[in-house]
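Read through the structure below, which is laid out as structure tokens, and then see the notes.
Just so it is clear, none of the values below were taken in a lab; they were calculated from the coordinates. The structure displayed is predicted, hence computed values, not measured ones. Note that each Cβ is placed from the backbone with ideal geometry, even for glycine, and that neighbours are counted across all protein chains shown.
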Amino acid sequence: MCNITADLKEWFKIHSGTHASKWFRFFFFLDEGLQTVILYRMASWFRKIHLTIIALIILKIISFIYKTEFGINTKIGKGLVISHTVGNMIYANCGKNLWIAGDVTLSSEREKGLMQIGNNIKIGMGARIIRNVKIGNDVKIGANAVVIKNVPNGATVVGVPAKIVKIYGKKVNNKKNKFKRSEKSKFFPKI
Ligand SMILES: CC(C)(COP(=O)(O)OP(=O)(O)OC[C@H]1O[C@@H](n2cnc3c(N)ncnc32)[C@H](O)[C@@H]1OP(=O)(O)O)[C@@H](O)C(=O)NCCC(=O)NCCS
């Protein structure tokens, strides 16, 4: 349960530059992402003390009201932030500071176990991780990316299937997987 303090800290960090309504959402407890995270922490706590049935009921309530589905074995470290709750499926072992934009799928074949996701991860809107892959630390997954391979530390991956475009902020020259500039202009002629 003590993870909640870290979750709140991370929520404020992520929303630091945004408009003042965050205070309104915080004080009146109106943020659906925060509500989901707090309920998830309660479920994890019940799971930890072997009251699995209560944990399952809470997870069902989360999925019914907020449309975010957590697996009963999902583990997420401190600093979880969910910006939009609709459409998330989270079946994974995740480290600290995970930001989920919304409509995100983290789910692979059940028999292969849970995927491993590192620390300091940002997952963009609509992204899917659909195999039992390992995601390193400090990774950014672009909106609508479909990740089917392991992702190394510091990588930014985008596209379908997802390709690395940056490592720790430095662009990766991934010519094989990209259009050349000249090819791009054929598809998008200047008007
Ligand atoms: C992936 C992301 C974090 C990258 O941000 P960044 O480090 O600033 O990267 P850049 O904008 O410099 O993009 C690097 C390259 O990836 C491409 N790219 C970026 N995001 C992409 C995406 N989602 N899908 C496909 N390509 C993408 C860019 O066009 C660029 O390609 P180029 O080098 O050929 O021009 C960001 O684009 C993203 O998708 N953020 C998620 C946003 C979101 O979900 N917001 C919801 C708010 S609730």
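How much net charge surrounds residue 131 when only other residues with a Cβ under 9 Å from its Cβ are counted (Lys, Arg +1; Asp, Glu -1)? Walk me through the numbers on the way to the answer.
Numbers: positive: 112, 149; negative: 109.
Around residue 131, the charge tally is +1.
Going through the stretch 69-155, which GluC sites (Glu not before Pro) have at most 16 other Cβ atoms within 10 Å and a DSSP loop state?
On the way: sites: 69, 109, 111; in loops: 109.
In loop regions of the stretch 69-155 (DSSP not H, G, I, E or B), the sparsely surrounded GluC sites (Glu not before Pro) are 109.
The chain: longest stretch without exposed chymotrypsin sites (Phe, Trp or Tyr not before Pro) (DSSP loop, at most 11 other Cβ within 10 Å), sites themselves excluded?
Working: sites that count: 28, 29, 168.
With a cap of 11 other Cβ atoms within 10 Å, the longest stretch comes to 30-167.
If you project the alpha carbons of the stretch 1-140 onto their three principal axes, what span does each projection cover, largest first, in Å?
Projected onto the principal axes, the Cα atoms of the stretch 1-140 cover 45, 33, 25 Å.
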